[in-house]
Amino acid sequence: MTESLQSFDNILIHPIDTIERMVSANEWSFERCGEDELAVELAGRWCDYRLFFAWHAEAAAVHFSLAFDMRVPGDKRGEVAALIALINEKLWIGHFDLWSDNGLPMYRYAFLLRGTNGPSAEQVGELVGIALEESDRFYPSFQFVIWGGKSPADAIACAMVDPIGEA
């Protein structure tokens, strides 16, 4: 591997330290799992989410994931994979995925930080906001496919309807 792929000398503050400060300032429940990892618990509209940040020095990147508090049964994973493909077509930032080991739906994104001073608290906050918004938006679609017997196309159509007002 070349030296340029291994160095991140220009990053002045450890990226997970920056993220931890932003999370702490928002008074979110979190645990520093190690020098390079941070786990956060956050309530969404439909469920609690588990956010995870991991620094990968060799890639000079922070991996971010937001996992749903939901398990996809084995017999529904094909339909959920089709749903995820439809959802991902509609996203500009990040993507949804299904963790194959335990069937957890999750939103994922990676910050590439080579050549920067690291992520800003504003960037991290904005990413978390986008992840929450998209997860809350599409959470019912997962429920429709898993428990409601809807097709992925019908489930995504329901999520794309924007209600007017509040009940």
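Laboratory data are not the source of any read-out in this text; all were calculated from the coordinates shown. Values in this document were obtained by computation on a predicted structure and should not be read as measured data. Cβ sites come from the backbone with ideal geometry, for glycine too, and all protein chains shown count toward neighbours.
Once you have the Cα-Cα distance between T116 and L91, take 0.36 nm times their residue separation minus that, and quote the gain in nm to one decimal. Kindly include the intermediate steps, with their values, before the conclusion.
Values: separation 25, 0.36 × 25 = 9.00 nm, distance 2.52 nm.
Separation in residues times 0.36 nm, less the Cα-Cα distance, equals 6.5 nm.
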Legend entry - Percentage of interatomic Cα-Cα distances in segment 99-160 larger than 16 Å: 59
Legend entry - Percent breakdown of C-alpha pair distances by 5 Å bin, ordered from the shortest bin, for the chain: 1, 8, 17, 19, 17, 13, 11, 8, 4, 1, 0, 0
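Cα-Cα pairs above 17 Å in segment 69-108: how many percent? Could you put the intermediate results ahead of the total?
On the way: 193 of 780 pairs.
The share of Cα pairs beyond 17 Å in segment 69-108 comes to 25 percent.
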Legend entry - Among W147, W92, W55: highest mean-square fluctuation, GNM of the chain, C-alpha pairs under 10 Å: W92
Inset, instruction - Taking H placed 1.01 Å from N in the peptide plane, check which residues at least 5 places from C33 or on another chain put their amide H under 5 Å from its amide H. - result: L38, A39
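How do the peptides 63-75, 17-29 rank, highest first, by the average count of neighbouring beta carbon atoms within 10 Å per residue?
On the way: 63-75: 16.9, 17-29: 15.4.
Taking the mean over residues of other Cβ atoms within 10 Å, the ranking is 63-75, 17-29.
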Legend entry - Residue-averaged 222 nm ellipticity for the chain, from DSSP H runs of 4+ at -39500 (n - 2.57), nearest 500: -11500 deg cm²/dmol
Inset, instruction - Could you rank the peptides 93-99, 130-136 by their average count of other C-beta atoms within 10 Å per residue, with the highest value first? - result: 130-136, 93-99
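Full extension from A57 to R77: what is 0.36 nm times the residue separation minus their Cα-Cα distance, to one decimal in nm?
Between A57 and R77, full extension yields 3.9 nm more.
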